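Novice: Structure in structure tokens, see below.
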Amino acid sequence: MVLREAGDAVVAVGQASHAWLSGQLARAWGNDAFPRPEPYEPVCLAAEQHDIGWIDWDRSPELNPDTGLPRPFFELPRVQHLALWTEAPRRLLSQSRWAALLVSLHGTGLLDRFPPRNPDPETQRAVAEYRADQSLLQERLAAAVGATEEQMRRNQALIAAWDDMSLSLCQAQPRPIRGVPSADGPVDILLADRGDHHTLEPWPLASDELTVRCEGVRLEGRFEDEAALHAALREGPTVTLTFTLRRPDAL
């Protein structure tokens, strides 16, 4: 779950909703400098569903007693991350083996980028089991769909970039998006907030302007127990977050 400040309240954006925004970016991606993802539909599906393992968690998240709010995704212990990352490709297998492969690669890529600090023996065992399980799954799915190593790594990097970009927008924390695949190799894209819109430089999208959106629930005040928090998430007002991206030299 992503928490976005909204005056005296917060907007709680579920991981699956943030992933929906990633999918919108994927479908709009592509120009001479940034080739369109291929195979197009499975990659876009993987981008849109990369956090499908979090759906049940987001409906009934843990309460952080110190803040009185849901625990955001980065506060969870790594063992819980691994369980949720394991579930995501399993769920996608009923839709697309290519997408399941890419979502599995996204999970192991996150572990590579953000390894646990000073892991205890339980975490070390869970990490080793997760890596072994996902390696077998990735090998099996890659053979089934005929994916090359180059295809897998390029699309893994694209999904990571859309994930970072979506999180940056949802958190209202614009930042450079690192290592984005381009026609000339990996580049950094600067996401900047211009007030009524955002810019990306260099520009990776097919059109000069794109509006993307996701949904969250407005939470007012602080919660004393999880029952009250979960009721607020079920019954609270839905908020649509809308972000307009414009090509800098087209303004």
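Novice: Scan the stretch 33-44 and tell me whether some residue there is touching a Ser or Thr at 6+ places or on another chain (Cβ under 7 Å) and part of a helix (DSSP H, G or I).
Specialist: Yes; the residues of the stretch 33-44 include at least one that is touching a Ser or Thr at 6+ places or on another chain (Cβ under 7 Å) and part of a helix (DSSP H, G or I).
Novice: When only residues in the stretch 6-26 that are assigned to a strand (DSSP E or B) and farther than 16 Å from PHE74 by Cα count, which is modelled with the lowest pLDDT?
Specialist: Filtering first and then ranking leaves ALA6.
Novice: So, one more: Consider ARG125 carefully, then state whether it is under 20 Å from PRO39 (Cα atoms), part of a helix (DSSP H, G or I), among the basic types (Lys, Arg) and open to solvent by 30 Å² or more (accessible area, probe 1.4 Å).
Specialist: Taking the combined requirement at face value, the residue does not satisfy it.
Here's the yes/no breakdown for (1) open to solvent by 60 Å² or more (accessible area, probe 1.4 Å); (2) touching a residue at least 40 places away in the same chain (Cβ under 8 Å):
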residue	(1), (2)
GLY7	yes, no
VAL13	no, yes
ALA16	no, yes
ALA19	no, yes
SER22	no, yes
ALA47	no, yes
HIS50	no, yes
TRP57	no, yes
ASN64	no, no
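Novice: Of all residues in the stretch 87-110, how many are assigned to a helix (DSSP H, G or I), touching a helix residue (DSSP H, G or I) at 6+ places or on another chain (Cβ under 7 Å) and farther than 23 Å from VAL13 by Cβ?
Specialist: 7
Novice: Among the numbered criteria (1) at pLDDT 95 or above; (2) of a type outside the set (A, V, I, L, M); (3) in contact with a strand residue (DSSP E or B) (Cβ under 9 Å, 6 or more places away or on another chain), which one does ASP163 miss?
Specialist: Among (1) at pLDDT 95 or above; (2) of a type outside the set (A, V, I, L, M); (3) in contact with a strand residue (DSSP E or B) (Cβ under 9 Å, 6 or more places away or on another chain), ASP163 violates only (3).
Novice: Would you check if there is a residue in the stretch 189-201 being surrounded by 14 or more Cβ atoms within 10 Å (Cβ to Cβ) and in a loop (DSSP other than H, G, I, E, B)?
Specialist: Yes; the residues of the stretch 189-201 include at least one that is surrounded by 14 or more Cβ atoms within 10 Å (Cβ to Cβ) and in a loop (DSSP other than H, G, I, E, B).
Novice: Here's a follow-up. What number goes with the only condition from (1) crowded, with 20+ Cβ neighbours inside 10 Å; (2) assigned to a strand (DSSP E or B) that THR240 does not pass?
Specialist: (1)
Novice: Another question about this same structure. I'd like to verify a number: residues in the stretch 139-185 that are touching a helix residue (DSSP H, G or I) at 6+ places or on another chain (Cβ under 6 Å), open to solvent by 30 Å² or more (accessible area, probe 1.4 Å) and part of a helix (DSSP H, G or I), how many?
Specialist: 3
Novice: Let me ask something else. Going by what's in this entry, would ALA99 be described as surrounded by fewer than 23 Cβ atoms within 10 Å (Cβ to Cβ) and under 30 Å from SER207 (Cβ atoms)?
Specialist: no
Novice: Considering (1) over 25 Å from GLN49 (Cα atoms); (2) at pLDDT 95 or above; (3) open to solvent by less than 70 Å² (accessible area, probe 1.4 Å); (4) not hydroxyl-bearing (Ser, Thr, Tyr), say which one GLY221 fails and leave the rest.
Specialist: GLY221 satisfies all of (1) over 25 Å from GLN49 (Cα atoms); (2) at pLDDT 95 or above; (3) open to solvent by less than 70 Å² (accessible area, probe 1.4 Å); (4) not hydroxyl-bearing (Ser, Thr, Tyr) except (2).
The values are calculated or read from the model by the stated rules, or taken from the named source; none is laboratory data. Quick caveat: nothing in here was measured; it's all calculated off a predicted structure. For neighbour counting, all protein chains shown are included, and Cβ atoms are generated from backbone atoms with ideal geometry for every residue, glycine included. Remember, those area values only see protein heavy atoms, side chains included, never the ligands or the DNA or RNA. Shrake-Rupley method; radii C 1.70, N 1.55, O 1.52, S 1.80 Å.
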